[in-house]
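Remarks on the structure that follows.
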Amino acid sequence: MTEAINHGRRRILGTAAMTLAVSPFVMTGTTAAQPGSGKSTGVPAISPGTNTSFSSLKQINAGLLNVGYAEAGPADGPAVILLHGWPYDIHSFVDVTPLLASAGYRVIVPYLRGYGSTRFLSNRTFRNGQQAVVAVDIIDLMDALSIKKAILAGFDWGARTADMIAALWPERCKALVSVSGYLIGSPEANKAALPPRAELQWWYQFYFATERGRVGYDKYRHDFSKLIWQLASPKWQFDDATFDRTAASFENPDHVAIVIHNYRWRLGLANGEAKYDHLEKRLAESPVITVPTITLEGDANGAPHPEPEAYRMKFSGDYAHRTIKGGVGHNLPQEAPQAFAQAVVDADGFVRS
């Protein structure tokens, strides 16, 4: 889940935000505009849960990993990379992907390290979950797929990863769609104590800081993750089949190690790797993101997250914020796929709705 409440509390960086209330079920119809043309393409309506699988799953060596990923759309279309979070997987984008593919985009949806069919190439590689390494993984994937520049879109860990790439490698990011906005953090920033109610929202992070928490998550990862889904999206009535399709990804042999290291690293309880120190140093400075950006928030997000005004000034390029209404929680692309896909299309042409 996101680290955003820390930033809402510790970095109130602006007072003005553009907040557009958008229903996920009220969008314009399809038009003839092409991806990258600068004109908005209306994304057709879709009921969440229409699709349950991807038509094409592939594997490729990229950096330290053999990455599993879904791919859809024309090979020569503008690239879009969709990034999931914890405890989720590529199925968060199972309805978004065909919408974007039908609009002419080449859509890539990778399993992050520790999820699904993604594997480390070497048993000797440290199972590192610090934030910078996940961004490096995606840059390595782009290189392996010969993608020079892509629209990056994600939520939770995926939004943070997209934010980092936009901040550190803006030449690789054509546009950005980020659920809950600016999520870049640092262990130093996370040292500040929060009010009790805010700390309560991070109960699982403190649980993971203990050996009992590591063992408990390993033993009960299915039930634990389902509880997180229920808390983070309290109005989303997902069924067991929907959850189980994603939960299969948590059987990855490195899943527990990556998740536990990620949350311990955030609290300064576990070290990262020295080779990423230069990137973490830059990220700790909270760099401004200059690429065109649309930020999204569900009106029923039960996970910790900041208000849009807390991060508005972290985006200096073309920008819009949209609050997606209708009881939409933390897993926004799966709960409101049309609204998420529309944001990708609009960020590409940057047409404000």
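A short reminder: the numbers here are calculations on the coordinates, not readings from a lab. Given the structure is predicted, the values throughout are model-derived calculations rather than measurements. No Cβ is skipped: glycine too gets one built from the backbone with ideal geometry, and neighbour counts run over all protein chains shown.
For the reader, a short list of remarks on this structure follows.
- Furthest towards positive pole of dipole, TRP236, ILE260, TYR88, structure part the chain, Cβ charges: ILE260
- Restricting the GluC sites (Glu not before Pro) of the stretch 296-353 to loop positions (DSSP other than H, G, I, E, B) with no more than 10 neighbouring Cβ atoms within 10 Å leaves nothing.
- In the chain, the sites counted are trypsin sites (Lys or Arg not before Pro) in DSSP loop states with at most 12 other Cβ atoms within 10 Å, and the longest stretch holding none of them, exclusive of the sites, is 149-351.
- Stretch in the chain that is longest and holds no chymotrypsin sites (Phe, Trp or Tyr not before Pro) that DSSP places in a loop and that have at most 15 other beta carbons within 10 Å: 221-353
- Candidate lysines - alpha carbon under 21 Å from LYS149, same-chain residues fewer than 8 apart omitted: LYS39, LYS58, LYS174
- Partner lysines for LYS226 [C-alpha distance under 21 Å; skip if fewer than 8 residues away on the same chain]: LYS235
- With the simple spin-label model, which puts each label point 7 Å out from Cα in the Cβ direction, the SER316 to PHE126 separation comes to 3.2 nm.
- Anchor LYS281: lysines whose Cα lies under 18 Å away (excluding residues fewer than 8 positions away in-chain): LYS191, LYS314
- Of every Cα-Cα pair in the stretch 266-329, the percent that sits beyond 19 Å: 52
- Magnitude of the charge dipole for the stretch 4-349, about its Cα centre and with charges confined to Cβ atoms of Lys, Arg (+1) and Asp, Glu (-1), is about 580 debye.
- In this calculation the C-beta distance from GLU199 to LYS219 is compared with R0 = 25 Å, giving a FRET efficiency of 0.50.
- Between the stretch 197-248 and the stretch 281-353, the alpha-carbon center distance in angstrom: 24
- Mean Kyte hydropathy of 0.0 or more with a Cα span along the axis of at least 15 Å, helices from DSSP in the chain: 131-144, 157-168, 337-349
- Shape parameters for the chain, alpha-carbon atoms, Rg then Dmax in Å: 18.4, 56
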